[in-house]
Amino acid sequence: MHEASCARCVVGLNLSGKRLVVFGCGYVGSAVAQAALVAGARVEALTRNPAKAEALRAQGLHKVVVAELASTDWHDQLEAGADFLVNCVSSGGGGVEGYRQCYVAGMESILEWTEKSDAPVGTLVYTSSTSVYPQGEGAVIDETQPAEGATPNGAIIRESEKLLEASLIAACRRWFILRLAGIYGPERHHLLDQLRAGAATLNGSGDYHLNLVQRDDIVKAIFACLVAPEATGSQIFNVADTAPALRGEVVAWLAEKLGRPAPGFDGTTTNRRAGLPMPDRLISSAKIRRTLGWRPDYPDYRAGFEKLLSR
Ligand SMILES: NC(=O)c1ccc[n+]([C@@H]2O[C@H](COP(=O)([O-])OP(=O)(O)OC[C@H]3O[C@@H](n4cnc5c(N)ncnc54)[C@H](OP(=O)(O)O)[C@@H]3O)[C@@H](O)[C@H]2O)c1
């Protein structure tokens with residue numbers, strides 16, 4: 001993440017004297033860590049990857065522990081009582097077992113660590129996923145919609161959310177569960193890559209809505225939670241841009257921008273949802289906008305992709 005990009009995510013925030021711990025320094029987690037450094041926080045992180053640990057230290061993180069989140073190996077290495085904790089781990093594969101290890105066992109380990117200490121975490125933000133929702137058929141999905149009965153992977157993430165919802169106030173003063181839509185941004189734009197590569201046909205269909213959110217807007221949402229007034233309490237928020245669009249529309253728009261013919265769709269399903277077709281639905285982020293005043297800098301796909309195309 002570029003310095004300017006980080007700075008934009010934390011405009012006006014001064015976190016000096018605050019300690020933030022990041023679990024899962026991947027695409028989102030690394031950006032959170034860098035933005036927190038810009039805001040003056042003491043930033044610590046956990047990664048399984050020694051080379052990444054070195055890189056994070058070189059970026060200025062104050063402490064980086066190399067460990068598997070689901071283990072207890074790190075429990076004595078990170079001091080309890082962090083002001084802020086952000087759990088951004090994501091299973092990079094490994095099927096259902098990989099999901100369990102990363103999301104459920106990972107959350108259990110975090111809560112065990114917080115519960116055995118006298119000093120609670122101030123605010124814990126967990127980046128969950130809109131995949132916890134089972135609904136399709138064009139439904140508008142706000143946080144009041146049931147989040148049971150999704151795909152097997154979505155159900156595992158929901159299980160990890162429930163662990164956090166049941167956590168003791170003595171361990172974690174408050175939490176936020178952010179159900180993220182499909183993430184895109186710098187260096188992560190699969191659809192654009194496919195079109196740039198000249199794909200004549202894309203998998204799946206163009207007839208369902210893409211619910212997207214740009215990476216920097218996620219970082220802004222995370223910081224909005226971390227510094228939210230105490231009266232906000234613990235909350236679940238959907239985090240998505242404000243204009244879901246049909247996949248076919250997005251593809252046609254990108255193709256036009258690239259000066260290429262729009263590819264067709266082969267109608268197959270993908271493995272992303274265990275072989276199930278992508279649901280058609282509109283994820284509403286009205287609650288976080290209303291409650292925290294979060295405003296995405298990239299309110300629709302055009303704004304986000306224009307920026308990526310101009311780089
Ligand atoms: N991708 C999407 O479109 C999407 C959509 C909705 C929600 N989300 C959620 O958004 C969050 C951020 O996603 P992302 O794209 O930033 O993920 P990412 O780039 O894949 O990074 C996730 C990081 O988690 C770490 N990790 C995974 N399992 C771990 C474990 N057992 N112990 C320790 N570290 C572990 C990995 O770090 P190390 O290699 O350093 O261990 C990895 O870098 C995740 O919670 C994800 O579930 C993503």
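The values are calculated or read from the model by the stated rules, or taken from the named source; none is laboratory data. A quick note: this is a predicted structure, and the numbers were derived from the prediction, not measured. Here the Cβ positions follow ideal geometry from the backbone for every residue, glycine too, while neighbour counts run over all protein chains shown.
If you check Gly81 against the conditions, is it part of a loop (DSSP other than H, G, I, E, B), of a type outside the set (D, E, K, R), within 13 Å of the ligand (Cβ to nearest atom) and at positive phi?
Working: part of a loop (DSSP other than H, G, I, E, B): yes; of a type outside the set (D, E, K, R): yes; within 13 Å of the ligand (Cβ to nearest atom): no; at positive phi: yes.
It is false that Gly81 is part of a loop (DSSP other than H, G, I, E, B), of a type outside the set (D, E, K, R), within 13 Å of the ligand (Cβ to nearest atom) and at positive phi.
Can you tell me which residue within region 122-144, out of those that are of a type in the set (A, V, I, L, M) and either closer than 20 Å to Glu68 by Cα or in contact with a Phe, Trp or Tyr (Cβ under 6 Å, 6 or more places away or on another chain) (or both), is nearest to the ligand (Cβ to nearest atom)? Write out each step before concluding.
The initial filter retains those residues of region 122-144 that are of a type in the set (A, V, I, L, M), namely 124-125, 132, 139-141.
Okay, now just the ones that are also either closer than 20 Å to Glu68 by Cα or in contact with a Phe, Trp or Tyr (Cβ under 6 Å, 6 or more places away or on another chain) (or both), so 124-125, 141.
Numbers: Leu124: 13, Val125: 10, Ile141: 13 Å.
So the residue we want is Val125.
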Query raised in the report: From the list Ala67, Ala36, Ala31, which residue is without any contact (Cβ under 8 Å) to a residue 24 or more places away in the chain and among the hydrophobic types (A, V, I, L, M, F, W, C)?
Result: Ala67
**Report entry** Given (1) over 23 Å from Tyr184 (Cβ atoms); (2) out of contact with any strand residue (DSSP E or B) (no Cβ under 8 Å at 6 or more places or on another chain), number of the condition Arg42 does not satisfy
**Finding:** (2)
Requested in this report: Answer yes or no: is there a residue in region 112-128 that is touching a Lys or Arg at 6+ places or on another chain (Cβ under 7 Å) and among the polar types (S, T, N, Q).
Outcome: yes
Report task. Write out, first by first residue and then by second, each pair whose Cβ atoms fall under 8 Å of each other, whose residues are 6+ apart or on separate chains, and whose first residue, in region 13-25, is under 14 Å from His62 (Cα atoms) and polar (S, T, N, Q) while the second is surrounded by fewer than 22 Cβ atoms within 10 Å (Cβ to Cβ) and modelled with pLDDT of 95 or more. Result -> Ser16/Gly40
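May I ask you to say which residue of Gly154, Gly106, Gly98, Gly94 is within 14 Å of the ligand (Cβ to nearest atom) and at positive phi?
Details: Gly154 fails: at positive phi; Gly106 fails: at positive phi; Gly98 fails: at positive phi.
Checking each option against the conditions leaves just Gly94.
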Report summary line: So the helices (runs of 4 or more DSSP H) completely within region 1-76 holding 1 or more residues that are crowded, with 19+ Cβ neighbours inside 10 Å and within 13 Å of the ligand (Cβ to nearest atom) are 27-38, 50-58
